[in-house]
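Read-outs throughout are calculated quantities, based only on the coordinates presented, and are distinct from any laboratory measurement. Please read all numbers here as calculations on a predicted model, not as lab measurements. Methodologically, a virtual Cβ is constructed for each residue, glycine included, from the backbone with ideal geometry; neighbour enumeration extends over all protein chains shown.
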Amino acid sequence: MQSTSAVSISRSRIHRLTQNVEGFGGQHFPRIFILILMLVMATMRWDGRVSAQENAKTQFVDCSLLVAAEYPATWPTHPFPRFQLIHEQQVGPTSVYNIDVLLMDGNTGTQMDVPPHSVVRPELKREKSGPYGTSFTEKIEAWQFGGEACIVDVRHLLDQAPNGVSPLVMPADIEKFEAAHRRVGFGDVVLFRSDYSDRYYRPFPDGHRYIADVVDRLAPGYPDPGPETMEFLATRGVMTLGTDSASMGPMPVLAEPTHYAGLRHGMIWTEGATGLSQLPSTGAYYVMLSPRHAGGMYSETRAFAVTGGSLPARLIDAARGRRAADLSPVMDMKTPITNPGANAGRHRQVYVKVDFLYSPDLDLWHHTHLMDATAGTHLITPSFALPPAGTDVEYSPEVRGWLSEYESRYGKRGFSERTTEKVPLDWTCGDARIVDVRSLSGSTRVSDVPRSPEITVDMLKADEKAHGEFSPGQIVIFRTGHIDRHLKPAPDDKGLWADPLSGKSEGWAAPGPDAIQYLGSRGIRCVATDAPDLGGVEPRRAAMTYWALGSADMVGVEFLYNLESVRANSYFLFAPIRIDGCHAGPGRAIVLW
């Protein structure tokens, strides 16, 4: 993984150091010396180079539970729906791809809570109405998703309560952390480490101990902060929290008071984190990235941390400075966020919001989502277009012809079992490298549609000549401008997918297999686009592009937008929900600088 900076030093730290230099030995150094020192330190931060030694120190730690039907991934009481992964189509006679459908609500696996979970909308003018009552998942600003992890060790509370009752994390536990380390505050992510999920998140039947046995008062409750602890953290300015318990709400009666005590201040938090023992007490960058569901008061999420080297400090500094931007469009039933197909019967599962439980206090419905795994911003894995090793695939005659042509030009199509949970986090996180291909728009002759303008090797080489060679660890992002121009609600939604696929308009720019292989030869692991997908509108070329991507063991991130917000030296963060055996997966992309 490559970082843009060799050493991350904040402006405030430079100021402190120059003050120390000025006061050293009671003498004032010449001002020119101070200016030189500041220039050198600034160069260390922004020169865009990082040593191999620094790269080797940096690690990505997954803090997310595995989502699978055989695990206690969903809230176990009626009427909360169970998670389902449906392998709707498999590589074979009727499909070039492995197409998955998900039924998943926001209380699945590792999850994020936002204020409307407990704070009522202001216009309702109720007792719990407040300004954060409209801060749904799509409204939270990107900087708040992460910050410096402060691990508050509460393992002494694990299982130290009667059945069905949660032992409480109190302000004294925070003060103990502060006495040992430092005061917590804005830009920190306070994480309560009890090791509860590490111990009890297991496949069924053992998995009933994780939530169900607590609800049924058959086992001690999970450790959680009480309302007074949330109020204490609010006085410190903490805006982001996390727990490795199943919920941030103490059982049996303090769940709502604790939620409201924190969420009314605009806090967000992770529930069901795991692996916190792998993080230092301070110094790691922790983040949670959730699909950007419209109107969500909670969401499934992918939580992870970055430790070692200079990268964590760089990301922490950006989060504290609120230097971040969201690159994922809002997922909404009104907008075309899944492939409608060029012909009848060829569409992907449409994105559907399903209400299942009404909350009178909030005047909101709890809801789940039925969706294709490629809805919104999502990951494409190598296994999306490749069969498992040893599989003898019977493609249709037409596709067999494409494959013969592909293998004669690019070598044997590969095999893969790399699904979402097997893609390393550092493959989809790295320095953002924008390749601007907006000039391709309008380059296709009317007689040639449906066709997507091809991003070629020559274009990639021209970009290298202008901006430097591609290097391992970069996330190469094609800026087509297509989604920014065409993502509109019905009835003005045809320009995104429908018209290009049917030949009524030009397709979006997309790389061919040659471009994918060239990027692979440069050590690129992840290719991203602000177009609907990396394949384009021509089925033959799309198949070849995805075969090339998978055969090189590369991944793709599709359906980005807002690339104009990506600044120089931006760091790209994306991760899909950690779903076992899923060939693609929804997630959230942000950048920090």
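Whole-Hz Karplus values for region 106-115 come out as x, 8, 10, x, 6, 9, 10, 9, 10, x Hz, taken residue by residue from phi with 6.51 cos²θ - 1.76 cosθ + 1.60 and θ = phi - 60°; glycine and proline positions read x. Database remark: amide H of Asp431 closer than 5 angstrom to the amide H of Gln2, Ile475, Phe572 (H placed geometrically; neighbours at sequence offset of 5 or more, or on other chains; Pro and chain starts carry no H). Computed from the Cβ-Cβ distance with R0 of 51 Å, the FRET efficiency linking Ala490 to Asp392 stands at 0.75.
By the count of other C-beta atoms within 10 Å, a proxy for reagent exposure, Cys526, Cys63 are ordered fewest to most as Cys526, Cys63. Fully extending the segment from Asp448 to Lys504, taken as 0.36 nm per residue of separation minus the present Cα-Cα distance, adds 19.1 nm. With only the Cα atoms considered, region 448-513 has a convex hull volume of 110 Å³ per residue.
For region 350-420, a simple Cβ point-charge model (Lys and Arg +1, Asp and Glu -1, everything else neutral) yields a dipole of about 380 debye relative to the Cα centre. So for the chain, averaging the separation of alpha carbon pairs under 8 Å that are six or more residues apart and normalising by length, what relative contact order in percent results? Relative contact order here is 18 percent. Can you bin region 384-443 into rounded, prolate or oblate? Criterion: square roots of the alpha carbon gyration tensor eigenvalues sorted a ≥ b ≥ c, rounded for a/c under 1.5, prolate for a/b above b/c, oblate for the rest. Verdict is oblate for region 384-443.
Given Ala344, Ala584, Thr94, which one lies farthest toward the positive end of the charge dipole of the chain, if we put +1 on the Cβ of every Lys and Arg and -1 on the Cβ of every Asp and Glu? Working it through, the farthest residue towards the positive pole turns out to be Ala584. Distance from the alpha carbon centroid of region 160-227 to that of region 123-157 works out to 18 angstrom.
The H on the amide N of Ser290, modeled in the peptide plane, is under 5 Å from the matching H of Arg302, each at least 5 residues off or on a different chain.
Using just the helices of the chain, give the 222 nm mean residue ellipticity in deg cm²/dmol: DSSP H runs with n ≥ 4 each add -39,500 (n - 2.57), and the total is spread over all residues, rounded to 500.
For the chain, the value works out to -7000 deg cm²/dmol.
Remark: the Cα gyration tensor places the chain in the oblate category, a/c being 1.5 or greater and a/b not exceeding b/c. Of the trypsin sites (Lys or Arg not before Pro) found in region 154-220, the ones in coil according to DSSP and having at most 13 other Cβ atoms within 10 Å of their Cβ are Arg182, Arg183. According to the square roots a ≥ b ≥ c of the eigenvalues of the Cα gyration tensor, what is the shape class of region 108-322, taking rounded for a/c under 1.5, prolate for a/b larger than b/c otherwise, and oblate for the remainder? Rounded, because the longest to shortest axis ratio a/c is under 1.5. Sorted fewest first by neighbouring Cβ atoms within 10 angstrom, Thr428, Thr282 come out as Thr282, Thr428. Backbone phi angles across region 524-532, fed through the Karplus curve with coefficients 6.51, -1.76 and 1.60 (θ = phi - 60°), yield HN-Hα couplings of 6, 9, 10, 10, 10, 8, 9, 9, x Hz in residue order; Gly and Pro are listed as x. Projecting the Cα atoms of Ile174, Gly237, Gln111 onto the dipole axis of region 108-322, where Lys and Arg carry +1 and Asp and Glu carry -1 at the beta carbon, places Gly237 farthest toward the positive end.
Each of Met333, Met288, Met267 was scored by other Cβ atoms within 10 Å of its Cβ. Listed from fewest to most, they are Met333, Met267, Met288. Identify, among Phe186, Pro280, Cys150, the residue whose Cα sits farthest towards the positive end of the charge dipole of region 108-322, taking +1 on the Cβ of Lys and Arg and -1 on the Cβ of Asp and Glu, with the dipole about the Cα centre. Sorting the options by dipole projection puts first Phe186.
Charging the Cβ of each Asp and Glu at -1 and of each Lys and Arg at +1, and nothing else, the dipole of region 200-334 about its Cα centre rounds to 520 debye. Note on region 63-125: with charges restricted to the Cβ of Lys and Arg (+1) and Asp and Glu (-1), its dipole about the Cα centre is near 200 debye.
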